[in-house]
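Below you'll find the structure, written out as structure tokens, and then a few comments.
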Ligand code: TYD
Ligand code: MG
């Protein structure tokens, strides 16, 4: 009989288990992520002679209109941008995973959140395996966030954390980070897939049975996934990402999963000398040239992008120069590289704007990333403006996706975008003609409608760019 295998090989990227070691995980194609781990003990239900398989039936509830509803009163954390991303506050028993690059400000944000909670009389247990208690104390002192209701423990044994929860009965728990926590039941190292999954499951058990809200800090890998197990994402109620360019002071908090609210909401923070400061009106922050007085340089345009339900005005900057060598350079930050390449081809073919002998640089001001295709129009205008060296004549903004035939295609949330542009003091907004028809029931092409003090212009195609009065 073959010897019973007591180790297995688990991919730390996707969690897949293999019988043999392999250089490349066949499931997720990542290299060098397969590590040896001890076989987990078989679950009770499948042990020979166990009674585990004979289970009694479960209690079921009917989704009746007048059934008894559980208490989901949300607790406001007192940080407006954090509450917004959570969907209006923290739900009792919520299991929230906060992840982001190292040094982006996860521990700082959580320290600020627990301080606000402590001020409201909540007892908080902060378990840290990353920093020592004295380091946390020093940071709290520097931020002015010392409070007797915050209890710090340098604990990484998940059973000890559970025992501490039983003894101190906190109203909120922070575990910083889940990759440092371990359970002695499993022989593999902290941070391995089995450890992370098992520890999270143990904490989840406590959170759900005692209605304790739990914050887990999770690391991300170099390609931006939550390090180790994607399995964590399935386990938790909310997954929040804190992101931002290391060189810019702005941090964006994004919900990618939320069982208690909408995803796609963002919160904007600014890293300052005294921690992360919420930026409740980010529109002003991402417009550099459009708030300044005086002449505007060429190559600058703006768009209104939707981040969740929130319209956000952002500035797109472009520079087009003669190519010094044979191969023109295209350098893009904050926008999709391929998308910009398509836009350049469309400009050349449909609008007669020849860029193939030029280097093109395009960026989004403020270190923001835009994924929405409705920013296309503004990108085209910025590049054209730099190519022709003609600055945009006034405070105009542009919304719309550009199709391959140069048409400006309709987009969603036009009303909200127009209102935001008007609120920010813009004089004119160029939108897709189809959206103009839908929004204002007007079928005259390029009709100008005065609304909310802003001129709205419908555009059908970028072929007519020169006749739109942009420059
Ligand atoms: P931290 O919260 O420790 O990051 P993480 O837990 O995500 O690894 O943040 C560390 C960075 O934040 C550090 O590089 C310095 C910066 N920072 C400030 O600029 N101001 C501050 O008040 C604080 C506390 C940190
Ligand atoms: Mg940290």
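Quick notes on this one:
- Using alpha-carbon coordinates, inclination of helix 337-350 to the longest axis of the chain, degrees: 20
- Order of 340, 314 under a 10 Å beta carbon neighbour criterion, fewest first: 340, 314
- With the simple model of a label 7 Å out from the Cα in the direction of the Cβ, residue 168 to residue 341 spans 5.3 nm.
- Sites residue 329 and residue 189, calculated FRET efficiency, Cβ-Cβ separation with R0 41 Å, nearest 0.05: 0.40
- Separation between Cα centres of segment 384-446 and segment 131-165, rounded to whole Å: 51
- Tilt relative to the chain, helix 133-143 - C-alpha long axis, 0 to 90 degrees, to 10: 30
- In plain terms, the residue of 167, 439, 315 with the fewest other Cβ atoms within 10 Å comes first and the most crowded comes last, giving 167, 439, 315.
- With Cα atoms defining each centre, segment 247-267 and segment 326-375 are spaced 26 Å apart in the structure.
- Distance between the modelled labels on residue 416 and residue 371, one decimal in nanometres: 1.6 nm (7 Å Cα→Cβ projection).
- Modelled spin labels at residue 27 and residue 270, positioned 7 Å past Cα toward Cβ, are 4.5 nm from each other.
- DSSP beta bridges in the chain [antiparallel fraction, %, rounded to 5]: 55
- Among 411, 28, the order by Cβ neighbours within 10 angstrom, fewest to most, reads 28, 411.
- Label reach from residue 389 (point 7 Å along Cα→C-beta): in segment 339-357, amide nitrogens under 19 Å belong to 353-357.
Laboratory data are not the source of any read-out in this text; all were calculated from the coordinates shown. Small disclaimer: the values here were computed from a predicted structure and weren't measured. For neighbour counting, all protein chains shown are included, and Cβ atoms are generated from backbone atoms with ideal geometry for every residue, glycine included.
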